[in-house]
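One structure below.
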């Protein structure tokens, strides 16, 4: 144990000091700022204008190192490891000091109150919110007032919570799963058999044995408050073959240790049948159209390619079509009078550009395109993050610690009361962990008050005979 | 209604600007009587400000910190509120008005350039968490703004020797440092609660607690910046004073950017109503 403490002392004194922790935090801030300024961090959110404005591409570190995965980079991970070690050692030493301090305080608590004056002084300290203990030794009586001991506990709790949060982040990184899939109404998805559009799997993540199949019944695209279902669906437990579960857009559903959640992307899947004059079928079924925003309007489009890309069909769905100025435009995103625009290209040459209403068939060049009904599709996420609960636990701890730290400031006032030759005199000293200037003011007021008490105090009103004899 | 509110709002801004001018004159020309006048002007401005905020609340039916205009106005209101309360309790705060009022009327002026916002709360924002999240953001920025004001006063105090320090309620520089620390600690806690409540709301709304959205990232940067401030205060005692005073002012700019500037520069999921 001694050896361990000696090693910890060396680490504490030379490497893991609070100043070092501060430098690590500055390092973390720097990394976060670079991440925030680098537009390649996440193209879907970050404006390219900022990149042009700051000419970030020209800044060599950003350009050469890339920083695409800032928070997974070795430097950040190393910073977090150092920070964790620093925190752990700090917690160890803080706890050790706190235990020692409490032991000392208990010894003092048992000391007897000696004189009336002693009691009056103690009362004065207590009025100011100090917990008082007294100790008599010869002609000196020491009255010790302490305040803010919960501050230290708060500080320990807060730093411990950061370690818990960092631990949670590590668990999240290595043992979590986050998969995205998209489904059209009527389709099913089985996470063990079907492919995710995008999945991030932690190194130590193990797929649960419990399996399920998710069947999408219908998508309700409009957001409804007060818990109204935005999506109705069925989760079929393979073993039990039942369970009709409505899924709410704002309320994830947990199944087999994983949480199913509707994503924010949703769109239309029209039924399209493409065949040629010889009766050869090129495509048949519901096609998920991508949605994008153009000039404030939602655009639903897709393309299909055949025969090594030589034949290409480009589609655009106009959900609420209106014929205006020689062409169709969509007035809204609602399915009122849907029309499908079809462009057929062969070797990049446009063969046909035509429109077909829902339920209709159109002949474009040598192809026949049937446009059936329209279903909706939606994006879903399936995630499992065991680190999340650890993080939340840490956050709760952090809050308690911060509040304790805020409401208490560690202060100590020591009054030495001397009783020599029938005369009484005292001195007062104090220490504070912070706020020195206001504490000095408090101490000065206290000194004046005690002097006033002493002036009024009749000489040698001693209640403890043992002390009287000593004097 | 909106026209009357708009006029009252700008009158409030003028009152705050006037109060700053009077504070500045009181300090530069060492006229202690002007300090009381400045406080009275601030109080009148605050009463008008409260009337505008209350009228807006009654008009819309939801607390006024949802739109850009409302959020900025609410933060300024909170800053003035704690200034007025604390100066009564701690007289040495009175002269700090010269540091705080510029931030207040600049923020109010910036807020005034934005439209008032929708009268109906957008459906996506109809959540109990909005009020927790937004009120703690407002309170945190109010504290940071006040701290920056104290920092300005601290820098002024170091550079200028006042003969009438007692009459002008000017305290020792160390007193300002301590007070700044307390305000930033309080703001740091409020900001932490704002991030946590935001994460809980994000989970309910978007299915994840944290998504590295620009505002989330900048909020983390701001929080870390203030954590660094607290660490420096504890561990680098030599850097207390002027350095940390400048730090508090710069950190406030980062905090303001993370709340109201990010939406201008970046595409973000976080939207202000209206």
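The values are calculated or read from the model by the stated rules, or taken from the named source; none is laboratory data. Keep in mind that what you see is a predicted model, and the values were worked out from it rather than measured. Using ideal geometry, Cβ is built from the backbone for each residue, glycine included, and neighbour counts are taken over all protein chains shown.
Listing for the model above:
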| read-out | value |
| --- | --- |
| Members of segment A:452-471 that are exposed (fewer than 13 other Cβ atoms within 10 Å of the Cβ) and modelled with pLDDT of 80 or more | A:452 |
| Lone qualifier among B:236, B:218, B:212 - being facing chain A (nearest Cβ under 8 Å) and surrounded by 21 or more Cβ atoms within 10 Å (Cβ to Cβ) | B:218 |
| Boolean, residue A:426 is more than 11 Å from every other protein chain (Cβ to nearest Cβ), over 18 Å from residue A:125 (Cβ atoms) and in contact (Cβ under 8 Å) with a residue 40 or more places away in the chain | no |
| Condition met for residue A:447 (surrounded by 18 or more Cβ atoms within 10 Å (Cβ to Cβ), part of a helix (DSSP H, G or I) and at pLDDT 75 or above) | no |
| Condition check for residue B:196: facing chain A (nearest Cβ under 7 Å) and surrounded by fewer than 20 Cβ atoms within 10 Å (Cβ to Cβ) | yes |
| Residue in segment A:44-60 that is modelled with pLDDT of 70 or more, assigned to a helix (DSSP H, G or I), away from chain B (no Cβ under 14 Å) and surrounded by fewer than 15 Cβ atoms within 10 Å (Cβ to Cβ) present | no |
| In segment A:249-263, residue modelled with the highest pLDDT [restricted to those that are out of contact with any strand residue (DSSP E or B) (no Cβ under 7 Å at 6 or more places or on another chain) and surrounded by fewer than 17 Cβ atoms within 10 Å (Cβ to Cβ)] | A:254 |
| Conditions (1) in a helix (DSSP H, G or I); (2) at the interface with another protein chain (Cβ under 10 Å from one of its Cβ atoms); number of the one not met by residue B:245 | (2) |
| Matching residues, segment A:284-310, being outside any loop (DSSP other than H, G, I, E, B), touching a residue at least 24 places away in the same chain (Cβ under 8 Å) and surrounded by fewer than 16 Cβ atoms within 10 Å (Cβ to Cβ) | A:297, A:298, A:304, A:306 |
| Residues being within 7 Å of chain B (Cβ to nearest Cβ) and either surrounded by fewer than 19 Cβ atoms within 10 Å (Cβ to Cβ) or at pLDDT below 80 (or both) - total across segment A:19-28 | 2 |
| Those strands (runs of 3 or more DSSP E) lying entirely in segment A:336-403 with at least 1 residues within 14 Å of chain B (Cβ to nearest Cβ) and modelled with pLDDT of 85 or more | A:367-384 |
| Hits in segment B:14-72 (condition: part of a loop (DSSP other than H, G, I, E, B), in contact (Cβ under 8 Å) with a residue 12 or more places away in the chain and either in contact with a strand residue (DSSP E or B) (Cβ under 8 Å, 6 or more places away or on another chain) or over 20 Å from residue B:139 (Cβ atoms) (or both)) | B:30, B:61 |
